[in-house]
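In what follows, a single structure is set out as structure tokens and then discussed.
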Amino acid sequence: MKYILPIAAGLMVATTMASVDANAGPFDKLRKAAKKVEKTAEDVNDAAEAVDDVSKGRVPGTSRSSRSASPRTARAEGHAGVAGPTPAKFASATTCANIGLSNAFVARAGDYTFSQGISTQKRTGLLDRKKVTPSGCTFPAMGVFDVLYVEVDKTAYNRGRYALQCVSYDGSEQLNNTNAPPENNYKGKDVMLHTGNSTGYTPTATGSNSSRSGQYQKVLAARGKEMVTFNMPGLHTDSGTDFYCQHFDKNTGKSALAFTFRRGPTG
């Protein structure tokens, strides 16, 4: 992918220069060409990131609500719902690390639009955000396609060597790396949406997806924070199995955070 963008940029310069008004002066031609290249390069960059999203399971244009046929606050009849109360045996087994959990929310991945002048464009991001507060370090129960976003103290968090441990409430099933909730599938651009959108979430920024991700990393760095996300998977053959998960630090035996979720059908 890293070789495609420079080649594409070179082709865009040649093509754009040829398309600029022949009557324009040399500097006008360069300015117009530069603007066209900048816009097209942003589109190419976003397209490349869309391919990366698909390869990692972040499918643009597909949100939990569209796949479950219901919004998060009113699940369709027959939907598996969220996990039940945490079993005492799991709660007592978790020792919380002090890594400054903050600004947590549960959201869904979906499409939003933003306007620039009379133009309207579409992007993907984390929407329908609901602020959540952990009990100790355990977050409220979640369901299929929920996304948990949490900020942690970067220095304290990066001292750890983490493994996500997920066990069904009845102890009959443990999720491996393939089946457990994926970690950090989302980037800063999914949180810092494009300026001009109607969601009301702040802060916002302009530019490409990668540019906004970089800007959001600077926002987090200024506070000494790092973002962590987990998205809850489904299984079409599962009518509803509850899991307890802890983000376990192998160095200390403590957990950065914990959560419960109900795995269920994806349709």
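The values are calculated or read from the model by the stated rules, or taken from the named source; none is laboratory data. Everything quoted here is computed from the prediction, not taken from an experiment. All Cβ positions, glycine included, derive from the backbone under ideal geometry; neighbour counts span all protein chains shown.
So the values come out like this:
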read-out: Residues located in segment 130-139, provided they are buried (at least 18 other Cβ atoms within 10 Å of the Cβ) and in a strand (DSSP E or B); value: Thr138, Phe139
read-out: Filtered residue count, segment 93-106, keeping only those that are on the phi < 0 side of the Ramachandran plot, of a type in the set (S, T, N, Q) and at pLDDT 95 or above; value: 3
read-out: Count of segment 225-267 residues which are out of contact with any strand residue (DSSP E or B) (no Cβ under 6 Å at 6 or more places or on another chain) and at positive phi; value: 1
read-out: Candidates Ala109, Ala88, filtered to the one that is at pLDDT 95 or above and either within 13 Å of Asp190 (Cα to Cα) or surrounded by 12 or more Cβ atoms within 10 Å (Cβ to Cβ) (or both); value: Ala109
read-out: Single residue of Asn209, Asn197 found to be more than 17 Å from the chain's Cα centre (by Cα), surrounded by 16 or more Cβ atoms within 10 Å (Cβ to Cβ), assigned by TED's automatic domain parsing to the domain that holds Phe145 and under 18 Å from Asp111 (Cβ atoms); value: Asn197
read-out: Per-region count, segment 112-158, residues among the small types (Gly, Ala, Ser) and either modelled with pLDDT of 95 or more or within 22 Å of Glu226 (Cβ to Cβ) (or both); value: 6
read-out: Some residue of segment 199-222 being touching a Phe, Trp or Tyr at 6+ places or on another chain (Cβ under 9 Å), within 26 Å of Gly240 (Cβ to Cβ) and small (Gly, Ala, Ser); value: no
read-out: Looking only at segment 212-267, and only at residues there that are within 15 Å of Ser168 (Cβ to Cβ) and without any contact (Cβ under 8 Å) to a residue 60 or more places away in the chain, the one that is surrounded by the most Cβ atoms within 10 Å (Cβ to Cβ); value: Leu235
